[in-house]
Amino acid sequence: MKNKVRHVLGISGGKDSAALAIYLFEKYPQLDIEYYTCDTGKELTETYQLIENLEAYLGKKIKRLVSAEESHEDPFDHFLKLYGGYLPSSVSRWCTRKLKLDPFEEWVGDDPVISYVGIRGDEDREGYISTKPNIQSIFPFRKNIWSEDVMTKLFTNSNIPKLIEWYKQTSSSKLDRILNLVQEPVTPKFLRATKVQALLDLDTEAFNEVVFQFLQTTAYPLSQIKQFPLIDNNDVLVRDDIFRILKDSGVGVPQYYEKISFEHNGQKGEYARSRSGCFFCFYQQKIEWIWLYEQHPELYKKAMEYEKDGYTWMQDESLADLIQPERMAGIKEDYIKKTNRLNDNKKSPYLVDILDEAEGEGCASCFI
Ligand code: SF4
């Protein structure tokens, strides 16, 4: 007998996955979701606080997944030793694989799994997510809740007759226009992405019904479910919605997003951290490292201790160099200039809005 399909949601400690848990809990209470978090042993205290708040709100435990559990060291330190002290970086991100993806994949095993991922409607990325065939990702905050691999398989020109048949089974009031679009083959001038977007814009619910019909003919986990409540999902959630959900629910916005004022040469600036993850994460921007140095000096010192044997967290400078008075002054000055240049509608209480170009980097496992 096949295993039951499991619904899972990873809580990274970031705002988007927390908001997704709240959103699904409120909108689709019929889904029996298992929540998990992969603990690297190097998270910020604020992350553990957020997890506690969420547990209280959801009335459910969030499963802690810890890799190398038998080790007497924190998971990160255990693997760092195995890698000979070689610090991870954006080009060699062994930490995400070892500390996030491996324990997750081990936990779900071969069970068919629907994994809900909090990538928002205002982001253009899929993130670094598991690609095991028994794990199917769903993106409830986007207009297109389906993953790229499903779209590629469904929207081939050879599937046009099937698409027509499935669309005719929907009750869409825009069927004529939809069928005209469906019949148009994908070509170098009419890209699949354009076709998909146009169909979604015409009738999202009918689009979802058709994708679901297609999935029933595949080996994807959703083929084992006869009804999927998210088919009616028309919502597109963007960054402001995320902060609203967190505040309205009482769970709250993780503390590290809150800006703190600082003064530099008589000028006022504000800094914070833009995302969750390990306190020494190499995806941090320079001003975030300074925030860590000034707000959590003990963590900065620990991060410095990892920089030995010629390995550094940043490619171009060490943490010891970064806190030289002249260097810090330069970083603060550049940062104040940058934030002052932003027009008023960009002024927001969260640094993440200022460092938003950095938000697409990284991975779905650590920062969403
Ligand atoms: S938060 Fe950064 S350092 Fe930590 S596991 Fe993720 S990518 Fe690696």
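The values are calculated or read from the model by the stated rules, or taken from the named source; none is laboratory data. None of the values given here were measured: they were computed from a predicted structure. Glycine also receives a Cβ, built like all others from the backbone with ideal geometry; neighbour counts cover every protein chain displayed.
Things to note:
- Filtered residue count, region 309-339, keeping only those that are in contact (Cβ under 8 Å) with a residue 60 or more places away in the chain and either among the β-branched types (Val, Ile, Thr) or farther than 16 Å from Gln284 by Cα (or both): 7
- With respect to the stated conditions, Lys153 is of a type in the set (Lys, Arg) and part of a helix (DSSP H, G or I).
- In region 193-208, the count of residues that are under 30 Å from Gly109 (Cα atoms) and crowded, with 17+ Cβ neighbours inside 10 Å is one or more.
- Residues considered: Asp102, Asp39. Of these, the only one that is surrounded by 20 or more Cβ atoms within 10 Å (Cβ to Cβ), within 16 Å of the ligand (Cβ to nearest atom), at pLDDT below 95 and not assigned by TED's automatic domain parsing to the domain that holds Leu319 is Asp39.
- Any hit, region 114-124, residues being over 30 Å from Thr204 (Cα atoms), within 20 Å of the chain's Cα centre (by Cα), among the charged types (D, E, K, R) and surrounded by fewer than 20 Cβ atoms within 10 Å (Cβ to Cβ): no
- Residues that are modelled with pLDDT under 95, among the aromatic types (Phe, Trp, Tyr) and in contact with a strand residue (DSSP E or B) (Cβ under 9 Å, 6 or more places away or on another chain), drawn from region 223-261: Phe243, Tyr257
- Selection over region 148-186 of residues that are over 15 Å from Gln197 (Cβ atoms) and of a type in the set (Asp, Glu) gives a count of 3.
- Qualifying residue in region 209-222 (condition: within 16 Å of the ligand (Cβ to nearest atom) and in a loop (DSSP other than H, G, I, E, B)): no
- Pairs where the first residue, in region 262-279, is on the phi > 0 side of the Ramachandran plot and the second is within 12 Å of the ligand (Cβ to nearest atom) and part of a strand (DSSP E or B), C-beta under 9 Å, 6+ apart: Gly277/Glu43
- Selection status of Glu69, among the acidic types (Asp, Glu), under 27 Å from Leu20 (Cβ atoms) and more than 11 Å from the ligand (Cβ to nearest atom): yes
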